[in-house]
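The next block holds one structure in the form of structure tokens; read it before the comments.
What follows is calculated from the coordinates using simple rules that are stated; it is not laboratory data. Here the structure is a predicted model, which is why all the values come from computation and not from measurement. Positions of Cβ are backbone-derived with ideal geometry, glycine not excepted, and every protein chain shown enters the neighbour counts.
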Amino acid sequence: MAEISRQTSQTGQSLGETAMVPVRLAMGVIDAPLRWVQKKFGLGGMAAFFLLPNMLIFGIFVLLPFFINFAYSMTGGTALFLSDRTFVGADQYARLFDCSNYLNPNTCAEDTFWTAVGNTGWFVVLQVTLMIAVSLITALILNRNLMARSFWRAVFFFPVLLSPVVVGLIWKWILQRQGLLNFGLYGFGFDPHVWLNDRNWAFAATVGVSIWAHMGFYTLIILAGLQAIPKDLYEAAEMDGTRAMRVFTRITLPLLMPNLLVVIVLVLIRAVQIFDEVYVLTGGGPGTSTLFVTQYIYETGFAAQLRNPGLAAAASILMGLVLVVLTLMQLGLSRSRDKKGARK
Amino acid sequence: MSRVTEFLFRRKGGKGWHWTDIVTWVWLVVGLFVMFGPAVWLTASSFKSPAALAEFPPTILPYVTQKVTVEGYDKPLDLYTATLEDGSTATLAEVRRIGTVSQMVDPKKPAEIVKVNIAKRMPVRQMSFATENYTEPFTHFDFVRYLWNSVFVTVTATLITLVVNSMAAFALSKYEFRGRTFAMLLILATLMVPLSVIMVPLYSIVSALGLFNNLWGVILPTVATPTGVFILRQYMLTIPDELLDAARMDKASEWQIYWRIILPLTAPALAVLAIFSVVWRWNDFLWPLIVLSRKELYTLQVGLSIYSGELNVQWHFILAMTVVTMIPVVLVFLFLQRFITTGIAGTGLK
């Protein structure tokens with residue numbers, strides 16, 4: 001038996017080796033010119049060589065568009081390339097902000113933009129609050145002395161891996177007229193309801209579905225934070241017979257706070273950009289009740305009958321500003337968290 | 001009495017059930033159903049025929065009305081258990097329905113038509129898995145094409161991600177050079193520039209490079225991920241520099257050091273990044289949606305969303321295609337979930 005297994009493992013190895021032969025050859029071929037580069041430019045040259053592909057891709061596909069975006073937002077027309085576009089100055093921004101009453105989107109020239117902004121605002125407030133609450137409770141529960149803890153952790157993590165399209169379709173299927181939700185309610189004597197055709201329910205669905213899809217991710221981060229809290233604090237509290245609620249408010253919450261703040265900002269950053277699963281679930285409807293800013297940018301820039309890339313760029317820069325503020329907040333927070341951790 | 005319940009619900013630790021224990025188990029069990037239920041329901045539904053999908057209330061398992069071929073009728077007829085006027089029951093096939101009266105025949109005696117009120121007949125049901133939901137999209141929707149496109153994008157992007165980011169991480173962790181901090185900050189800064197902010201100009205750049213309607217236009221903008229550089233750099237920092245120096249003594253070139261020493265030693269971090277990258281690229285949606293407008297180039301995600309947005313959604317196909325789209329991710333979940341969860345807990349990045 002051992003003989004056979006050794007043999008098979010040997011053939012397996014040689015198969016792997018054969019597969020590696022072209023890779024080895026390629027690496028050898030690359031080596032010769034690189035030795036020359038190394039001789040000519042030294043270690044600094046090699047560092048530049050190793051950094052180059054990454055920087056090139058970053059430069060072309062992230063930095064360049066980032067800067068072009070500003071120029072783009074100051075041009076008009078439907079032409080694609082910047083050189084073909086006409087300069088209009090701050091017109092696109094003026095159009096976005098052209099409102100007679102800022103509290104009422106209908107009085108704006110770009111009413112859909114403000115509807116999207118309003119929707120996103122509500123979405124962010126509701127989703128972030130609920131997301132943090134649900135993830136925190138789940139993390140607290142998973143942090144207890146549970147049977148099969150890694151199994152339960154996996155349960156809540158499962159939807160995180162699903163693609164937004166799959167998430168959207170799963171819930172579209174459940175919320176439709178003959179869906180599982182109506183089936184469940186039918187058992188309690190309710191009439192079937194077409195949830196996604198109802199403005200308020202559709203909006204609630206976007207909040208709920210996005211929480212369902214991402215809560216496992218934040219639960220994990222919060223759980224890591226919980227596990228970093230020294231155990232002896234809890235032992236001391238138990239000795240003193242402290243009640244569970246008090247242990248939570250006096251030990252867990254204060255010590256978790258730095259971590260929790262980072263998570264809150266992370267949720268915020270994601271919530272502001274919400275698009276994929278909502279686009280599949282409701283497509284922004286019914287009407288514009290679940291239209292969010294990213295979808296507005298996408299439709300203005302690419303999908304609309306009269307597409308206006310300049311306007312879309314201006315809107316995306318406004319969203320970018322919000323994100324930059326949030327990201328800087330996050331960096332600041334995580335830095336102060338790490339410092340606090342280091343001091344301990 | 002309370003003593004008895006206390007005894008019955010006593011936990012291992014000897015203490016009684018605290019309210020937090022009840023909350024815990026309710027939360028976990030509800031969580032189990034809420035997290036897995038929807039995907040399980042979708043999978044169960046994907047085996048139903050279009051007729052079964054339109055039913056309300058729906059059944060959990062796929063049932064269809066049994067059919068029978070009766071002499072003298074071209075099409076197979078639905079079978080019913082009918083209650084006859086004399087109170088006896090019989091299995092009959094329905095020929096046609098007029099108002100509330102159903103005209104039925106006994107499959108064994110096709111000549112004689114029996115009239116039964118529709119309230120007095122129940123369809124004979126049998127379980128049947130509509131596997132054609134899975135096989136037909138291959139001919140109906142160019143499904144193989146989408147599958148191949150998705151696999152191609154995922155595999156290629158992941159390979160390039162690993163090479164490009166490990167090279168950059170090597171430079172940023174093992175070399176001292178001017179501008180290193182600047183390069184780090186630059187990569188860090190790109191975290192602040194998500195796709196949704198730069199998609200309009202990025203589209204013009206990708207078009208200018210001739211990559212519009214090209215799978216490479218989907219792959220290239222995503223491969224230099226700051227997360228990848230971070231994960232790999234953190235890991236490479238733990239590799240002792242003495243190892244590199246020893247190799248240099250032996251006349252190894254820098255490329256050989258990278259290829260034969262650093263990469264093998266970074267394997268665990270590379271594996272984590274590879275798993276992440278596969279999931280990211282497989283799930284990508286917005287960018288492929290923008291870059292790919294020709295049907296034959298759609299990835300699975302784009303194809304699914306386009307077909308599910310049509311007026312007459314063929315749900316039986318969409319559901320089956322969704323299940324197929326889920327499969328790789330479910331496999332990753334089953335076998336590699338542990339790597340991902342520790343990866344996330346360690347870096348806080350997704």
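Some observations on this one:
- Peptide B:33-43 is shielded by partner chain Cβ atoms: per residue, an average of 5 of them sit within 10 Å of its Cβ.
- For B:Ser102, residues with placed amide H under 5 Å, excluding near neighbours: B:Val116, B:Asn117, B:Ile118
- Order of B:Tyr298, A:Tyr296, A:Tyr186 under a 10 Å beta carbon neighbour criterion, fewest first: A:Tyr186, B:Tyr298, A:Tyr296
- Extension gain, A:Leu306 to A:Met329: 0.36 nm times the residue separation minus the Cα-Cα distance gives 4.6 nm.
- Straight-distance crosslink candidates among aspartates and glutamates, where the alpha carbon sits under 16 Å from B:Lys67 and sequence neighbours closer than 8 are dropped: B:Asp78, B:Glu94, B:Asp106
- Look at the stretch A:215-221: the mean tally of other chain Cβ atoms within 10 Å of its residues' Cβ atoms is 4.
- Cβ crowding within 10 Å ranks A:Phe188, A:Phe275, A:Phe248, A:Phe217 as A:Phe188, A:Phe248, A:Phe275, A:Phe217, fewest other Cβ atoms first.
- Averaged over B:284-294, number of beta-carbon atoms from partner chains that fall within 10 Å: 3
- Between A:Val62, A:Val194, A:Val165, the Gaussian network model of chain A with springs among Cα atoms under 10 angstrom shows the greatest mean-square fluctuation at A:Val62.
- Of the DSSP H helices in chain B, those with a Cα length along their own long axis of 27 Å or more and a mean Kyte-Doolittle hydropathy reaching 1.0 comprise B:19-45, B:143-174, B:315-347.
- Modelled label positions at B:Trp25 and A:Val23, each set 7 Å beyond Cα in the direction of Cβ, lie 5.0 nm from each other.
- Coarse-grained scattering of the protein assembly as shown at q = 0.05, 0.11 Å⁻¹, given as base-10 log I(q)/I(0) from a Debye sum over alpha-carbon atoms: -0.32, -1.28
- Value in Å of the Kirkwood radius, where chain B supplies the Cα pairs that are averaged: 26.2
- Gained length - A:Val247 relative to A:Ile229, 0.36 nm times residue gap less alpha-carbon distance: 5.2 nm
- Taking a span of 18 Å or more along the helix axis (Cα atoms) and a mean Kyte-Doolittle hydropathy of at least -0.5 as the rule, the DSSP H helices of chain A that qualify are A:2-58, A:111-142, A:149-161, A:199-227, A:253-272, A:309-343.
- Order of A:Val37, B:Val101, B:Val200 - criterion: other Cβ atoms within 10 Å of each residue's Cβ, fewest first: B:Val101, A:Val37, B:Val200
- Listed residues A:Tyr93, A:Tyr234, A:Tyr298, most fluctuating in chain A (Gaussian network, C-alpha, under 10 Å): A:Tyr234
- Within-15-Å neighbourhood charge of A:Ala48 [Cβ basis; K, R +1; D, E -1]: +3
- Region A:108-196: equivalent-ellipsoid semi-axes (sqrt of 5 x gyration tensor eigenvalues, Cα, Å): 30, 24, 14
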